[in-house]
Amino acid sequence: MSGDDENPAAVAQPVEDVQGDGRWMSQHTRFVQECKDGEPDVLFVGDSMVQLMQQYEVWRDLFSPLHALNFGIGGDTTCNVLWRLQNGELENIRPKVVVLWVGTNNHQHTAEQVAGGILSIAKLLTSRLPKAKIVVLGLLPRGERPNPLREKNAAINGFLRSWLPRLGQAQFLDVTGDFVHSDGTISPQDMFDFLHLTSTGYRTVAKPLSDLLLQILEETPEERRASLV
């Protein structure tokens, strides 16, 4: 399933406007316009985990100074992100790094299918942005107590660890940290609804990610090519 043949999680689809206010497409249109107006060194793309990050001080302190754009939309699946990137959200920009964080909303797909969908997005990014590094963030545990979705996200991360190195330009970053305590619970101080991160939770994720981004951005082109060999 590492390929995208007959994988439903790797089929590009826009979000159906069931609510009737067109907000999803409006956000996508705004992102396409931002591609025309900005020159980001770092592009963040994904679901609400990406989107909400810019509401916290970690974005202002660590990522905004890196000339970053945030193309996160709450509720997006791999299919939705794939569609957005195929329909204008990569036009006119040449970021040095793309941070991809998506997959926890793919409830109708198996772990292997979701990982395959993420891999398909990474393949698209490496094809469209051959000089960029792709950082794929691991999916976080979710739910206050152990549950099947935690197991599924852990399984997705396992597939990604195995598959992503084959792309060369892409790498997996595990940001699960210490969110799960010794008794198996997750604290609302880290995830206010046991899914979305608090300011404290984002700090936990941001530290290793910021360190990696600074390392990549400081590499010379020659060093970057050598690290891909």
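The values are calculated or read from the model by the stated rules, or taken from the named source; none is laboratory data. Note that this is a predicted model, so its numbers are computed, not measured. All Cβ positions, even for glycine, are placed from backbone atoms using ideal geometry, and neighbour counts span all protein chains on display. Quick note on the areas: whole protein, heavy atoms, side chains included, nothing else; ligands and nucleic acids left out. Shrake-Rupley method; radii C 1.70, N 1.55, O 1.52, S 1.80 Å.
Per-structure values
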| read-out | value |
| --- | --- |
| The range 136-158: number of residues that are assigned to a helix (DSSP H, G or I) and within 26 Å of S210 (Cβ to Cβ) | 6 |
| Matching residues, the range 168-183, being open to solvent by less than 40 Å² (accessible area, probe 1.4 Å) and more than 15 Å from L100 (Cβ to Cβ) | G168, T176, F179 |
| Which listed residue, of K207, K133, is open to solvent by less than 20 Å² (accessible area, probe 1.4 Å) and among the basic types (K, R) | K133 |
| Among the candidates I93, I73, residue that is among the β-branched types (V, I, T) and within 30 Å of G158 (Cα to Cα) | I73 |
| Pairs where the first residue, in the range 27-49, is within 23 Å of L137 (Cα to Cα) and the second is buried (at least 18 other Cβ atoms within 10 Å of the Cβ) and polar (S, T, N, Q), C-beta under 8 Å, 6+ apart | F44/N70; D47/T77; D47/T104; D47/N105; M49/T104 |
| Residue check, G143 on the phi > 0 side of the Ramachandran plot, open to solvent by 10 Å² or more (accessible area, probe 1.4 Å) and under 16 Å from the mean Cα position of the chain (by Cα) | no |
| Residue among A132, A122 that alone is of a type in the set (A, V, I, L, M), in contact with a Pro (Cβ under 6 Å, 6 or more places away or on another chain) and at pLDDT 95 or above | A132 |
| Residue within the range 121-135 that is part of a loop (DSSP other than H, G, I, E, B) and of a type in the set (A, V, I, L, M, F, W, C) present | yes |
